[in-house]
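Down below is the structure, laid out as structure tokens.
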Amino acid sequence: MMSLLAATAINWHSIFFLLFALVACFFALAVLFTSNIVRMAFYLILSLGATAGLFFLAGAAFVGAMQLMIYVGGTLVLLVFGVMLTAQQSFISMKTKGGDWILAAAAGGTMLVLLISIAFRVEDWRAGRPDGDQLTAADVEDTTRIGAAFIGVRTDKLDVYDDAAKDGESEPDAAGQLTLQGMSGYLLPFEIVSIHLLVVLIGAAYLARAKKRAPARSASTTQR
Amino acid sequence: MLGSGWKRTSPTVAEYFHSAWQLPTALAYLLAALIHCFLLINVVAVGALVFIWMERKISGRIQDRLGPTRVGGRFGWLQTLADGVKLIAKEDITPGGADAMLFKLAPYISFAASYAAYLALPFADGWVAQYLSVAVFFILAVMGLEVFGVILAGYSSGSKWSLFGGMRESAQVVSYEVPMAMCVLLPVMIVGSMDLVKIANVQAGLLTNWLIFHDPFTFIVFWVYFTCATASVNRAPFDLAEAESELVAGFHMEYSGLRWSIFFMAEYGSMFAVSGLAAILFFGGWHGPIPIFQIIGWSYEHVPGEAWQLTGYLANLAGCLNFVLKAVVGVSVMMWIRWTLPRLRIDQVMTTCWKYCVPISAGCFVLAAIWTVMDIPFANDIAPAKPRYAVREFWLEQENRAAATEFSRIQLPVAANRTAAEGGAR
């Protein structure tokens, strides 16, 4: 595999990366410039699907499938479903006012500048990988590291931690395992996000209930 | 062969083209991808041809008719081809009130989602277009997208019947994805892998080794899975989206000609895909009821470093036929159900999902976990082909674990530096 990929001048990996990235960006713009909500949802499917393609290309099949399942299969189905349930006329179109355009452009532009400046600040990303021509579609083997990080183990810091253990800074506990000091990983942000989502869900349920109850009661009283 | 897994030592199709034909890499990959896609699209298309003929014959027999008898000889073999010719000849109508772009694209979205599931579906050991270590999850995720075609078709047709069909379909599919995923979780939990090739290979040997006989709860959960799968591919008795008696034809009412038939190709494609998934997860995949090839010593599994062997190839071919046969049995049962049971009402569909399928699958999940942890013997232990640890929680097996986890390898750069420094010190 390695010799095969090194032997060519055309880096097929980059070609597919560009293809997926262009599809994702093009349809993200299409979402902005269309006024029909269902078409927006459709363009969003393509854009998010292409993003999932980027994940598959990076060898992160699990994250790619997750993207398809949660965003494309979950969120967007609910979005289209909601539009269909609440549709007043056959095809809803949204008109964006001039002021909204300016506000949105300011917010989006700031975000873009921020992201680009951050992206260029990462040292490793400035130059291509030295083994760029040897990349395979599945450079990352599995999701063990992400999974471990979510339960609080920073696998990228294990060696630092190993050294600390060797120097006697960290003592093995009763079970003979080393206590994981200062290795909270992504556990805290993960928990914060999930609690935040829970609060949002409860709030949404409360709002939806309060709105629906009043007419339902009056309808039942008139029946009696 | 079709195996293009990055972990496999046998050469992939792309590598073959590159080394034997001296093609540039990009071209070799393109050619290999085209071959895989061509083979799979034939599985879907020819499968649909055969299944539509089967459906006509089965429905005919169940209703005490003969079904097609004339086209293509005695059994009406070529009836579907005649249907296809008729559909091509039909006018492709787009209603005036429709959202033309979405209306025209919707069938292809359905078909693309159904077809994408085949990319990760292995047909025999290593015979898979794209080997994924999370194939189960990928197939579930992709099959969930098929509903988009139906929803968009319902919405863009600009017709009330179609809109109702689309709404029912989305409510149904979103609901049934929950118990279906829980059912799939059981074999995944028992084997400890989302890799379909691995899941099928731990079930080698006699039929008692199939995961459906792993414990009583997997046995129950298979039936729940089959119910949910039938509902998620929108087949009767769950075909609310196209209920003829209430909604004329539901989401595909405004479609005619070839676009209409593409919806049905997608439907038959996903029927085969969910049945194939059931065959791998519960019925041993390509491992037959009786391990003939194991007895005569022809190995399915390609031993790394060994040359290509005809016996192994033939065993794999027979395994592929075995797998297809099992999936076809699943499809036939779906047809049998369709022509036997009356259609449910929408509230009954929802009740079946949330009040029966979800609690049963959740309860079975917990009980099967307890059964596995307690290591209680069941049918799987009658004639085990592999040692028990290789089937149950084989991920605990130390050698495998050391080889599979990243923990030993991710520290490589630093570890290498450290060894270099130590070497220098010495």
Determine, for each peptide in B:17-23, B:63-69, the mean count of other beta carbons within 10 angstrom over its residues, then list the peptides with the highest first. B:17-23, B:63-69
What list of ³J(HN,Hα) couplings, whole Hz, do you get for region B:128-139 from phi and the Karplus terms 6.51, -1.76, 1.60, once you set θ to phi - 60° and write x for glycine and proline? 9, 5, 10, 6, 10, 6, 10, 4, 4, 5, 4, 5
Tell me the Rg and the Dmax, in Å, that the Cα atoms of region B:91-135 produce. 16.7, 51
Amide H proximity to A:Asn36 below 5 Å, modelled H, separation 5+ or other chain, gives A:Met94
Phi-derived 3J(HN,Hα) across region B:228-237 with the Karplus relation (6.51, -1.76, 1.60, θ = phi - 60°), rounded Hz, x for Gly and Pro, is 5, 5, 4, 5, 6, 9, 6, 9, 4, x
Distances longer than 20 Å among the Cα atoms of region A:14-88: what percent of all pairs is that? 33
Alpha-carbon spread of region B:143-301, three principal axes, descending order, Å: 60, 31, 25
For an R0 of 30 angstrom, estimate the FRET efficiency from the Cβ-Cβ distance between A:Val200 and A:Ile118 and round to the nearest 0.05. 0.70
Listed residue pairs exceeding 30 Å between alpha carbons, taken from B:Lys160/B:Lys326; B:Lys57/B:Lys355; B:Lys104/B:Lys198; A:Lys95/B:Lys104; B:Lys198/B:Lys326; A:Lys95/B:Lys160: B:Lys160/B:Lys326; B:Lys57/B:Lys355; B:Lys104/B:Lys198
The ³J(HN,Hα) series, computed from each phi in region B:43-48 with the Karplus coefficients 6.51, -1.76 and 1.60 at θ = phi - 60°, rounded to the nearest Hz and given as x for glycine or proline, is 4, 5, 6, 5, x, 4
Given 37 °C, 0.692 mPa s and a Kirkwood radius over Cα pairs, the Stokes-Einstein diffusion coefficient of region B:62-130 in µm²/s is 203
I need the fraction of alpha carbon pairs in region B:1-132 separated by more than 18 Å, rounded to a whole percent. 69
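Rule-based calculations on the coordinates, nothing more; no lab input. Not measured: the values here are computed from a predicted model. A quick note on method: Cβ atoms are made from the backbone with ideal geometry, for glycine too, and the neighbour counts reach across all protein chains shown.
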